[in-house]
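Take a look at the structure set out below.
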Amino acid sequence: MITLHKGGVYLVDGAPVESCEVSADEARRQTIAYSVLSAHNTSGDDAKLKIKFDAMVSHDITYVGIIQTARASGLKEFPLPYAMTNCHNSLCAVGGTINEDDHVFGLSAAKKFGGIYVPANQSVIHSYAREALVKCGGMILGSDSHTRYGALGTMGVGEGGPELVKQLLKNTWDVNLPEVVLVYLTGTPRRGIGPHDVAIALVGATFANGFVKNKVLEFVGPGVKNLPIDFRNGIDVMTTETTCLSSIWETDDIVRASYAAHGREEFYKELKPGRTAYYDSMITIDLDKMESMIALPFHPSNAYTIHEFNLHAKEILAGVEEEARKKFPKAVFNLQDKVKDGKVYASQGVIAGCSGGTFDNINEAAAILKDGSTGNDYFSLSVYPTSVPVSLELTKTGATAELLKAGAIIKPSFCGPCFGAGDVPANNGLSIRHTTRNFPNREGSKPGEGQIAGVALMDSRSIAATALNGGVITAATDIDYEVPVHDYSFESTVYEHRVYNGYGNPKPETELILGPNITDWPEMDALADNLLVKLAAVIHDPVTTTDELIPSGETSSYRSNPLRLAEFALSRRVPDYVGNSKAINETENKRRKGETPEELINVLGKLGDASALLSRTQFGSCVFANKPGDGSAREQAASCQKVLGGFANICYEFATKRYRSNCINWGILPFTIAEGTEFPYETGDYVFVPDIRKRIEAGIEEFPAKVVKADGSIDDITLYVKGLTADEKEIILDGCLINYYAAQMDK
């Protein structure tokens, strides 16, 4: 189905070839990705890009912090279209009034600074961007990792909030020119195959090996024309799970028709590679051979064909149980009991969000369930259309009626099932979902409290087929049904009547409405001469997700209160982390007041003159993880560590650029160690980095350090901080992005 081709490849007149008379450097400039990036680059250097975006998007987990940070840094008005959607905390079910308080704040900010405010349940973040913000050849920055609009000719980038703050303050997103991977599509998907089948197969083929990490995927080939726009969008939004940087597709009349349907045809233009384009590697996808897929807990890359899974279910599920036992010793997770008489039973189906809730996905699911039943046993089916316009069109076509008659529940536009704040299954349940992720806790369970469930990702078509069979996991390719064909009609009055669009018309006299939970960031210090950190968490899992660093779900209700949110940091992976960090921070607070904490005197005394070192050495907590930061763009994964007194991450590599950027923007040293270097140290051990400030200032990337272990012995270790830009150096030296901008204002 999917083949990876290492090494460079040319695309000549639309066909891949291994060699060409044109030089690779010259032909690189003929990719779509290069043309879009260069059009937005302000640096004058093709290798070191400084990008200014055309528009930005945030949801209600992130926009309060972004605006508060920008306000503290001198924000007067939004310099580009900035849409704030309210799709992640719409239920207001936790924390009293604080969720709606944030929404009211968002509207007041849109009025004051000239923004776009999309009320709760109107649209999920990426649906609104597809409907109202994209343009061919454009770029959009979002504070959500699934900011992907490549199928519509727009390069989307998901980053942490501080990167959006930079754009609001008319600064740039800085990145080295990325490698570009050709994704060459051929063939036509057969009936029953949907976008999630292709996406899961693609993630399964590329995630673990890092084949496309921090690269741009460029989709072309004769198979593209055989995919409807919703199908393309559904694949595209899942490219985030490959760890690529962004994506872009060639555009055609199908894309033009989508722009026209949304009343925005003037923003369409044809995008395609030049006659001879060079790519750093290639992925081929044969759509003819695609199978119905399932991604088992606890990652979208844990991919199998449904037929293969059903054939070996006991063995495969035993492996998932073993992983759960290692990660969550307090919970008992039984998946093999889902296998009965050779069939695997799910307890819940969900079709939702930017990947699942699209018109075509739901329309086809309704066709599969036409005149059928989801049954009255344990299995249930919930469907969340991605926006009110999509829901309205589904109502007009009769799809909504068919789903309701079959026993499905239609719910409002909401991202909750993607991050654990909606349709939480029962303990030990197995939920099948057409959503973006199935990380631990994404279904809302709390394994630290003995509650655990699991999510398997499947395409909406196979979820509907499973519902039709009473919860028995079934490939949609095994179901006989007629695929409905409808010309999509977008009803623009939905947004005209409810969305506040103040771009270009700021009202500075507007007072921001600040609920009692909306608080400012605590004061943060500049980097000292030396750094001493104490390991507050040591995680040797192959990958640590941002959901583990700061759980999603109901904890996100406290997103506007940095100190309260920080109480949840690593709570579902390392429950002792918050207590450890607080104790370390309390010791640092004593040092800052001029006291001489015995702990620091003892440790520093092993390294030199304790009294001399004490005033020049900053003390904080540190997290070690093999590969941290996969998944969500939420900057809280880093900021929560910082407000608890965190000053460093140590790892072999960062899972994503965006998490590393989040660490830097919050003044957390992004240390790496050489691959193959042992890290036998434990929670409670200390790492001392002398002359850290001087070496960062000088641009030195190698840091000789000392590890002081609990038994008093000392080891040498070499840490690295590679590839900092000039601005990133200053941010780290100043202590965080907020301090950096404050310093700029003072000059």
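Do we have any residue at all in segment 199-213 that's surrounded by fewer than 21 Cβ atoms within 10 Å (Cβ to Cβ), touching a helix residue (DSSP H, G or I) at 6+ places or on another chain (Cβ under 7 Å) and polar (S, T, N, Q)?
Checking segment 199-213: not a single residue is surrounded by fewer than 21 Cβ atoms within 10 Å (Cβ to Cβ), touching a helix residue (DSSP H, G or I) at 6+ places or on another chain (Cβ under 7 Å) and polar (S, T, N, Q).
When residues in segment 618-634 are screened for being more than 23 Å from residue 298 (Cβ to Cβ) and surrounded by 24 or more Cβ atoms within 10 Å (Cβ to Cβ), 4 of them pass. Hey, does segment 227-241 have a residue that's out of contact with any helix residue (DSSP H, G or I) (no Cβ under 7 Å at 6 or more places or on another chain) and more than 17 Å from residue 149 (Cβ to Cβ)? No; the residues of segment 227-241 include none that is out of contact with any helix residue (DSSP H, G or I) (no Cβ under 7 Å at 6 or more places or on another chain) and more than 17 Å from residue 149 (Cβ to Cβ).
Within segment 21-31, identify whether any single residue is within 27 Å of residue 141 (Cα to Cα) and under 26 Å from the mean Cα position of the chain (by Cα), and answer yes or no. For segment 21-31, residues within 27 Å of residue 141 (Cα to Cα) and under 26 Å from the mean Cα position of the chain (by Cα): present.
Scanning segment 503-534 for residues that are of a type in the set (Lys, Arg) and either free of Cβ contacts under 8 Å to residues at least 40 places away in the same chain or in contact with a strand residue (DSSP E or B) (Cβ under 9 Å, 6 or more places away or on another chain) (or both) yields one hit, 534. From the list 631, 699, 676, the lone residue that is in the same structural domain as residue 725 (by TED's automatic domain parsing) and closer than 27 Å to residue 61 by Cα is 631.
For the residues 76, 112, the requirement of being over 24 Å from residue 358 (Cα atoms), more than 23 Å from the chain's Cα centre (by Cα), buried (at least 21 other Cβ atoms within 10 Å of the Cβ) and not small (Gly, Ala, Ser) singles out 112. Tell me, please, whether a residue that is in the same structural domain as residue 592 (by TED's automatic domain parsing), closer than 23 Å to residue 160 by Cα and in contact (Cβ under 8 Å) with a residue 12 or more places away in the chain can be found in segment 683-694. No, there is no match, as no residue in segment 683-694 is in the same structural domain as residue 592 (by TED's automatic domain parsing), closer than 23 Å to residue 160 by Cα and in contact (Cβ under 8 Å) with a residue 12 or more places away in the chain. Quick check: is even one residue across segment 124-136 over 15 Å from residue 495 (Cα atoms), of a type outside the set (A, V, I, L, M, F, W, C) and at pLDDT below 95? No, because not a single residue in segment 124-136 is over 15 Å from residue 495 (Cα atoms), of a type outside the set (A, V, I, L, M, F, W, C) and at pLDDT below 95. Residue count for segment 378-414, restricted to those that are under 26 Å from the mean Cα position of the chain (by Cα), in a helix (DSSP H, G or I) and among the aliphatic types (A, V, I, L, M): 2.
To keep it simple, each residue is scored yes or no on (1) over 21 Å from residue 385 (Cβ atoms); (2) in contact with an Asp or Glu (Cβ under 7 Å, 6 or more places away or on another chain).
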{"residue": "98", "(1), (2)": "yes, no"}
{"residue": "112", "(1), (2)": "yes, no"}
{"residue": "115", "(1), (2)": "yes, no"}
{"residue": "130", "(1), (2)": "no, no"}
{"residue": "146", "(1), (2)": "no, no"}
{"residue": "157", "(1), (2)": "yes, no"}
{"residue": "161", "(1), (2)": "yes, yes"}
{"residue": "173", "(1), (2)": "yes, yes"}
{"residue": "184", "(1), (2)": "yes, no"}
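Does segment 104-124 include one or more residues that are assigned to a loop (DSSP other than H, G, I, E, B), out of contact with any helix residue (DSSP H, G or I) (no Cβ under 8 Å at 6 or more places or on another chain), farther than 19 Å from residue 146 by Cα and free of Cβ contacts under 8 Å to residues at least 40 places away in the same chain? First the steps, then the outcome.
So the first thing to find is which residues in segment 104-124 are assigned to a loop (DSSP other than H, G, I, E, B), and the list is 114-115, 119-122, 124.
Filter once more, so that each one left must be out of contact with any helix residue (DSSP H, G or I) (no Cβ under 8 Å at 6 or more places or on another chain): 114.
Within this subset, residues satisfying the condition of being farther than 19 Å from residue 146 by Cα are 114.
Narrowing further to those that are free of Cβ contacts under 8 Å to residues at least 40 places away in the same chain: none.
No: segment 104-124 contains no residue that is assigned to a loop (DSSP other than H, G, I, E, B), out of contact with any helix residue (DSSP H, G or I) (no Cβ under 8 Å at 6 or more places or on another chain), farther than 19 Å from residue 146 by Cα and free of Cβ contacts under 8 Å to residues at least 40 places away in the same chain.
In segment 436-451 there is no residue that is touching a helix residue (DSSP H, G or I) at 6+ places or on another chain (Cβ under 8 Å), at pLDDT 95 or above and not in a strand (DSSP E or B).
Quick grid of which residues meet (1) touching a Leu at 6+ places or on another chain (Cβ under 8 Å); (2) closer than 15 Å to residue 102 by Cα:
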site	(1), (2)
33	no, no
37	yes, no
46	yes, no
49	yes, no
60	no, yes
68	no, yes
72	no, no
82	yes, no
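Within segment 389-399, if we keep just the residues that are surrounded by 22 or more Cβ atoms within 10 Å (Cβ to Cβ) and hydrophobic (A, V, I, L, M, F, W, C), the residue that is nearest to residue 484 (Cα to Cα) turns out to be 399. Scanning segment 268-294 for residues that are of a type in the set (Lys, Arg) and more than 30 Å from residue 133 (Cβ to Cβ) yields a count of 2.
Could you tell me whether segment 593-606 includes any residue that is in contact with a strand residue (DSSP E or B) (Cβ under 7 Å, 6 or more places away or on another chain), in the same structural domain as residue 562 (by TED's automatic domain parsing), buried (at least 24 other Cβ atoms within 10 Å of the Cβ) and of a type outside the set (A, V, I, L, M, F, W, C)? No, segment 593-606 contains no residue that is in contact with a strand residue (DSSP E or B) (Cβ under 7 Å, 6 or more places away or on another chain), in the same structural domain as residue 562 (by TED's automatic domain parsing), buried (at least 24 other Cβ atoms within 10 Å of the Cβ) and of a type outside the set (A, V, I, L, M, F, W, C). Taken over segment 402-438, residues that are touching a Lys or Arg at 6+ places or on another chain (Cβ under 7 Å) and either among the basic types (Lys, Arg) or within 22 Å of residue 238 (Cβ to Cβ) (or both) amount to 5. The helices (runs of 4 or more DSSP H) falling completely within segment 463-567 that include 2 or more residues that are of a type in the set (A, V, I, L, M, F, W, C) map to 562-566. Counting only strands (runs of 3 or more DSSP E) that sit completely within segment 263-377, those holding 1 or more residues that are buried (at least 20 other Cβ atoms within 10 Å of the Cβ) and touching a helix residue (DSSP H, G or I) at 6+ places or on another chain (Cβ under 6 Å) correspond to 276-279, 293-295, 303-305, 348-351. The conditions of being within 21 Å of residue 641 (Cα to Cα), touching an Asp or Glu at 6+ places or on another chain (Cβ under 7 Å) and of a type outside the set (D, E, K, R) are met by residue 526. Scanning segment 491-498 for any residue that is touching a Pro at 6+ places or on another chain (Cβ under 9 Å), buried (at least 20 other Cβ atoms within 10 Å of the Cβ) and on the phi < 0 side of the Ramachandran plot turns up at least one such residue.
On the stretch given as segment 176-209, residues that are farther than 15 Å from residue 300 by Cβ and either assigned to a helix (DSSP H, G or I) or modelled with pLDDT under 95 (or both) total 1.
Close contacts from segment 349-360, counting a first residue that is within 24 Å of residue 375 (Cβ to Cβ) and a second that is assigned to a loop (DSSP other than H, G, I, E, B) and polar (S, T, N, Q), with Cβ to Cβ under 6 Å and a gap of 6+ residues or different chains, come to 352/435; 356/435; 357/386.
Mind checking whether some residue in segment 699-719 is closer than 16 Å to residue 650 by Cβ, touching a residue at least 60 places away in the same chain (Cβ under 8 Å) and basic (Lys, Arg)? Within segment 699-719, one or more residues are closer than 16 Å to residue 650 by Cβ, touching a residue at least 60 places away in the same chain (Cβ under 8 Å) and basic (Lys, Arg). Taking each residue of segment 226-253 that is assigned by TED's automatic domain parsing to the domain that holds residue 264 and β-branched (Val, Ile, Thr) and looking for partners that are surrounded by fewer than 23 Cβ atoms within 10 Å (Cβ to Cβ) and assigned to a helix (DSSP H, G or I) with beta-carbon atoms closer than 8 Å, six or more apart or interchain, yields 229/254; 229/257. Out of all the residues in segment 215-235, is one or more at pLDDT below 95 and over 28 Å from residue 462 (Cα atoms)? So far as segment 215-235 goes, no, none of its residues is at pLDDT below 95 and over 28 Å from residue 462 (Cα atoms).
The values are calculated or read from the model by the stated rules, or taken from the named source; none is laboratory data. Since the model is a prediction, treat every value here as computed from it, not as a measurement. Reconstructed Cβ throughout: ideal geometry from the backbone, glycine too, with neighbour counts over all protein chains shown.
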